[in-house]
1. Of everything in segment A:82-104 that's surrounded by 15 or more Cβ atoms within 10 Å (Cβ to Cβ) and among the acidic types (Asp, Glu), which residue is farthest from the other protein chains (Cβ to nearest Cβ)?
2. Working only within segment B:68-95, note down all residues that are touching a Ser or Thr at 6+ places or on another chain (Cβ under 9 Å), in a loop (DSSP other than H, G, I, E, B) and more than 27 Å from A:ALA35 (Cβ to Cβ).
3. Determine which member of the set A:PHE29, A:PHE68 is among the hydrophobic types (A, V, I, L, M, F, W, C), over 11 Å from the mean Cα position of the chain (by Cα) and over 30 Å from B:LEU8 (Cα atoms).
4. Kindly provide the set of residues from segment B:89-107 that are under 18 Å from B:SER22 (Cβ atoms) and more than 10 Å from chain A (Cβ to nearest Cβ), ordered by number.
5. Does B:ASP82 satisfy the criteria of being in contact (Cβ under 8 Å) with a residue 12 or more places away in the chain, closer than 23 Å to A:ALA97 by Cα and acidic (Asp, Glu)?
6. In segment A:33-50, what residues are within 16 Å of B:TYR91 (Cβ to Cβ), in a strand (DSSP E or B) and more than 10 Å from every other protein chain (Cβ to nearest Cβ)?
7. Might you check whether a residue that is surrounded by fewer than 17 Cβ atoms within 10 Å (Cβ to Cβ), touching a strand residue (DSSP E or B) at 6+ places or on another chain (Cβ under 7 Å) and either under 16 Å from A:ARG57 (Cβ atoms) or within 14 Å of another protein chain (Cβ to nearest Cβ) (or both) occurs anywhere in segment A:71-81?
8. Counting only residues that are assigned to a strand (DSSP E or B) and hydrophobic (A, V, I, L, M, F, W, C), which one in segment B:37-58 is farthest from the other protein chains (Cβ to nearest Cβ)?
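Since every read-out is calculated from the coordinates, none of them should be taken as a lab result. Being a predicted model, the structure only gives us computed values, none of them experimental. As a convention, Cβ positions derive from the backbone with ideal geometry for all residues, glycine included, and neighbour counts pool all protein chains shown.
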Amino acid sequence: EVQLVESGGGLVQPGRSLKLSCAASGFTFSNYYMAWVRQAPKKGLEWVATISTSGSRTYYPDSVKGRFTISRDNAKSSLYLQMNSLKSEDTATYYCAREAKPLHWYFDFWGPGTMVTVSS
Amino acid sequence: DVQMTQSLSYLAASPGESVSISCKASKSISNYLAWYQQKPGEAYKLLIYSGSTLQSGTPSRFSGSGSGTDFTLTIRSLEPEDFGLYYCQQYYEKPLTFGSGTKLEIK
């Protein structure tokens, strides 16, 4: 059974950093592109980052480019999101998601999410 | 960026009825569209990709249609477990973008 479990969320002050983790199990992690998607309170979904199977290629929207870094450790079946220079608008539930097929850019499994609150 | 519009934010229906949820793209996205369902306390679930291809495990009462800019998710003969939130997502180009969601509630 595919499982994705995020951790690392919490309350952080504006301008500070936070690192999220996602533990994957039930599939061969190194075979899949992985992504982070977020949802602000009462808002829709926003794609945050995608990483290739090897980790050599990463993709971001302009809203987080230069502040967020996605990475992975295939030996540990883990996905990460380093978030720097956090802003109040980064407050959201962050979901780890598996891309259904490489370069197909839609997501066949999601984690339950971890909440990040950016506030002073 | 491709804007995805789900014109109906809320839809009420009764079990056994059929409903359609629309999603409109601000430019042509061919059939690069996915539909997701979210129920309270559960993870997002992929229902349909490529506009009309059912993901493994998606009940056959779900169907997707459309191409270009206009897409529809149809649920025939609603079951109690179908009530929840539905989102569309385009993956024609980056940034990947989602609709604002349609909440399907029991009438």
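1. Looking at the filtered set, the residue picked out is A:ASP90.
2. B:ARG76, B:SER77, B:LEU78
3. Among A:PHE29, A:PHE68, only A:PHE29 is among the hydrophobic types (A, V, I, L, M, F, W, C), over 11 Å from the mean Cα position of the chain (by Cα) and over 30 Å from B:LEU8 (Cα atoms).
4. Matches in segment B:89-107: B:THR102, B:LYS103, B:LEU104, B:GLU105.
5. Answer is yes for this residue.
6. A:MET34, A:TRP36, A:ALA49
7. Scanning segment A:71-81 turns up at least one residue that is surrounded by fewer than 17 Cβ atoms within 10 Å (Cβ to Cβ), touching a strand residue (DSSP E or B) at 6+ places or on another chain (Cβ under 7 Å) and either under 16 Å from A:ARG57 (Cβ atoms) or within 14 Å of another protein chain (Cβ to nearest Cβ) (or both).
8. Residues of segment B:37-58 assigned to a strand (DSSP E or B): B:37-38, B:45-49, B:53-54.
Applying the additional criterion that residues be hydrophobic (A, V, I, L, M, F, W, C) yields B:46-48, B:54.
Details: B:LEU46: 5, B:LEU47: 10, B:ILE48: 10, B:LEU54: 12 Å.
Checking each candidate, the answer is B:LEU54.
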